[in-house]
Amino acid sequence: MRRMLRPLSALCIGVAAAGLTACGGELIQQEQCVDWVWFETPLDAADDAHAVAIGRVTGQAGTVSSYGETSNVWTFEVEEWVAGDGADVIEVVSLPRTCETGSPYPDGDPLDTDADVMVFLRQQDADSAQTITGLQGVIRGDGAAEVPDAWPDEP
């Protein structure tokens, strides 16, 4: 009886291995669609953020993988910490907009700018952070020293 079980076990293992081999030849790409929280006002975003800073992007520092997309990392020179605090120069990950035509940045990366901007941040440590969402993490600074009570008409 034992001898009959061994060949049967070997057959089951062989069939299972063949099935895995057949599946193993396909490349499976996983996509993550993020349903970002929507903040009614910049003040709401600031309340949820770890920090809010005004400053200027001084260059690209690289890329990282975020939510299945390649996201840009920018060097950001802080002119003023409106809420929270951190270093004078930080690296900021510009979180992607996922599952849209043109992802990760269908309208262009909001941190790919020469203008002063206000960033709503989730801090990873004193020298690095990421935008609070892929949709509402950056607005033009326009010399403001306070978080505005309404979103600007244009990103």
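Karplus-derived 3J(HN,Hα) values for segment 102-113, using 6.51 cos²θ - 1.76 cosθ + 1.60 with θ = phi - 60°, are x, 4, x, 10, x, 9, x, 5, x, 8, 8, 8 Hz; glycine and proline are entered as x. Look at where the Cα atoms of segment 102-140 and of segment 41-63 average out, and the two centres are 6 Å apart. A 1.4 Å probe run over segment 87-137, with the rest of the protein chains in place, finds 40 Å² accessible per residue. Counting protein heavy atoms only, segment 34-135 has 41 percent of its accessible area on carbon and sulfur, 1.4 angstrom probe.
Amide H to amide H, with H built 1.01 Å from N, Gly84 comes under 5 Å of Val52, counting only residues 5 or more places away or on other chains.
Between Asp85 and Asp114, the contour length at 0.36 nm per residue exceeds the alpha carbon distance by 8.2 nm.
Measuring with a 1.4 angstrom probe and ignoring ligands and nucleic acids, Thr98 comes out at about 10 Å² accessible. Each Lys or Arg adds one and each Asp or Glu subtracts one; over the other residues with Cβ under 11 Å from the Cβ of Val73, this totals -2. Taking amide hydrogens as placed 1.01 Å from N in the peptide plane, the amide H of Ala61 sits under 5 Å from those of Val73, Trp74, Thr75, each at least 5 positions away in sequence or on another chain. Residue by residue, segment 118-132 carries 3J(HN,Hα) couplings of 9, 10, 9, 10, 10, 7, 8, 6, 5, 10, 8, 7, 9, 4, 5 Hz when phi is fed to the Karplus relation 6.51 cos²θ - 1.76 cosθ + 1.60 (θ = phi - 60°); x denotes Gly or Pro. Other residues whose C-beta falls under 9 angstrom from the C-beta of Pro104 contribute a net charge of -2, scoring Lys and Arg +1 and Asp and Glu -1. Here the 3J(HN,Hα) profile of segment 47-56, calculated from phi with Karplus coefficients 6.51, -1.76 and 1.60 at θ = phi - 60°, is 5, 8, 6, 6, 7, 10, 9, 10, x, 9 Hz, Gly and Pro shown as x.
Summarising the strand pairing of segment 81-155, around 70 percent of its internal DSSP beta bridges are antiparallel.
The values are calculated or read from the model by the stated rules, or taken from the named source; none is laboratory data. All of these numbers come straight from a predicted model, not from anything done at the bench. FYI the Cβ positions are ideal-geometry reconstructions off the backbone, even for glycines, and counts take in every protein chain you see. Just so you know, the surface numbers come from the protein's heavy atoms only, side chains and all, with ligands and any DNA or RNA stripped out. Shrake-Rupley method; radii C 1.70, N 1.55, O 1.52, S 1.80 Å.
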